[in-house]
1. Is one or more of the residues making up region B:197-220 in contact with a helix residue (DSSP H, G or I) (Cβ under 8 Å, 6 or more places away or on another chain), crowded, with 22+ Cβ neighbours inside 10 Å and among the β-branched types (Val, Ile, Thr)?
2. Show the residue pairs meeting these rules: Cβ distance below 8 Å; 6+ apart or different chains; first residue within region A:29-58 and touching a residue at least 60 places away in the same chain (Cβ under 8 Å); second residue of a type in the set (Gly, Ala, Ser).
3. Can you name the residue in region B:297-312 that is free of Cβ contacts under 8 Å to residues at least 60 places away in the same chain and in a helix (DSSP H, G or I) and, of all such residues, is surrounded by the fewest Cβ atoms within 10 Å (Cβ to Cβ)?
4. Considering only residues of region B:137-162 that are small (Gly, Ala, Ser) and under 10 Å from A:ALA75 (Cβ atoms), which is nearest to the other protein chains (Cβ to nearest Cβ)?
5. Looking at (1) more than 25 Å from B:ALA29 (Cβ to Cβ); (2) modelled with pLDDT of 95 or more; (3) among the aromatic types (Phe, Trp, Tyr), which is the one condition that is false for B:PHE130?
6. Inside region B:168-190, can you point out the residues that are of a type outside the set (A, V, I, L, M) and away from every other protein chain (no Cβ under 14 Å)?
7. Taking region B:59-93 only, how many residues are under 26 Å from B:GLY239 (Cα atoms) and of a type outside the set (A, V, I, L, M, F, W, C)?
8. Need a quick list: strands (runs of 3 or more DSSP E) entirely within region A:32-124 having at least 2 residues that are among the β-branched types (Val, Ile, Thr).
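The values are calculated or read from the model by the stated rules, or taken from the named source; none is laboratory data. A quick note: this is a predicted structure, and the numbers were derived from the prediction, not measured. Heads up, the Cβs are rebuilt from the backbone with ideal geometry, glycines too, and the neighbour counts pull from every protein chain shown.
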Amino acid sequence: MSARPPTGETIISRPVPEPTIDSKPYWDGLKERRLLLQQCGNCGLVRHYPRPMCAACHSLEVCWIESSRRGRLYAWTEVHHPFVPALRDEIPYVMATVELEEGVRLQCQMLSAEAVALRLDLPVEIVFRDVQGGLVLPFARIV
Amino acid sequence: MAASLNGRAAVVGIGETAYRRGSDRSALALQLEASLSAIEDAGLEPKDIDGILPYASGAAVAEDFITNFGLEDVTFSATTPMGGASCVAAIQAAAVAVATGLCRNVLLPIGRRGYSDSRVASRVAAMPQFHVVSEFETPSGTIAPAQLYAPMARRHMELYGTTADQFAEVAVTMRRHAMLNDNAIMQKPMTVEDHHASRMICDPYRLFDCCLESDGGAAVVISSAERAADTRRPVPILGVAEGHPDSPSVITQRPDITRLGLAKAAPRAFGMAGVGPEDVDVAEVYDCFTWTVICQLEDLGFCPKGEGGAFVEGGRIGLDGALPVNTHGGLLSQAHIVGMNHVCELVKQMRGEAGRAQVAGAEIGLVTGYGDLGDGSLAIMGAAA
């Protein structure tokens, strides 16, 4: 395979989120090791990711509820290529799409999972890990 | 009945540069070269262009074409920011513009240095429509399209029994077609075993399930049916549509991650064209990954959901099969020109000018776009008069 020219831009570190007015409570919750989800203040529908309006009733009223952190595996991929050099030492790692009991899904890295052990609807729980620069992220763990 | 664009517009010109890994030309120069070829192919001159639809996430804006071609009065410009679905979605916008008389001849250019410049993970992170993924998913380590799309393929495999052998069938077929094409980058034969031996990128995607990164430019010119009649070899647009999946900004929150925006666009485009999947002689299907082809064949209605893997088996999508797919080699083995190369190939097929990859007697063909986390677009064309 031919080498890349040196001009290629590469994402060196784990990307850092930039919270918005709508999402700040979510990120603040993670710092306190709580998984907070938006709930419509009018009709009660839980939604994710954070956004201003309820798609069901169009209310802009928002409450925040704390997730049970219990869910099931909806989909996954085992990553072998270091798209992010900061994660090179963790390869291979599994990215999981977890369907939470509250009905919404979360994309997160799995803690020490072997892809061969995975199957749809496998029960998992969400835990928290410090990653870099004060950032706390949700991770999934097989129950 | 829904508004119809059937027969109101035609592709009158196509242009492509050489597709390569490595180019000493800028992305703008590449698409100016391709644009000039497309304008000349139509028998027009640059001054005849009065509409421009550049690639939304590309290196050039409409003003660049006005400046470089010295255009005096462009009356319509727009972009269709749908990632890999952009080029075919732009056909719909162009058809509306010429059918309503907003302009006469619309240029759809694209050019990129996908091999020589920024990598795909950096490119998508810069797209405004990725802001939700950028905030909530990339910090966890999901950066590149391969990572974002692999779970869709994995779930499809778990639900429907789709196999790596079926992925390989797509990759091997695209390679075989590329080897018939002098302007295809990949010319080395590929076997199923070669596919299975290529390194894992993110399960279930191996290297040979992933498209190329290429340098090159491509362009088409679209005119109204009336004006098209004066051009060399116009190819009529029979049906065209775009479709946005549920939860368009993030795949993870989508009710069914194995169903694309194309599933919404397909019935509209087929309905407009007055034909069905059974009438299609050749299909140019956006192939950023092998499984993406399998899923789109389902969403187009060639087979029920879950049966796309079996559909591609046994040579069905090869040049001699019942539905030849990506007769130019696709993004997987020709080049990644964001699917404008697929549009150009369909026009060649409809003109009977596809060389060694020509599907004999092709009268109805389609081209799809797929991108931006699930957006879809579809154009159905008929044989040139």
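1. Yes: one or more hits.
2. A:LYS31/A:GLY134; A:LEU35/A:GLY29; A:LEU35/A:SER67; A:LEU37/A:SER67
3. Filtering region B:297-312 for residues that are free of Cβ contacts under 8 Å to residues at least 60 places away in the same chain and in a helix (DSSP H, G or I), the one surrounded by the fewest Cβ atoms within 10 Å (Cβ to Cβ) comes out as B:PHE311.
4. B:ALA150
5. (2)
6. Hits for region B:168-190 are B:GLU169, B:THR173, B:ARG175, B:ARG176, B:HIS177, B:ASN181, B:ASP182, B:ASN183, B:GLN187, B:PRO189.
7. The number of residues fulfilling the criteria is 9.
8. Correct list: A:62-66, A:70-79, A:93-100.
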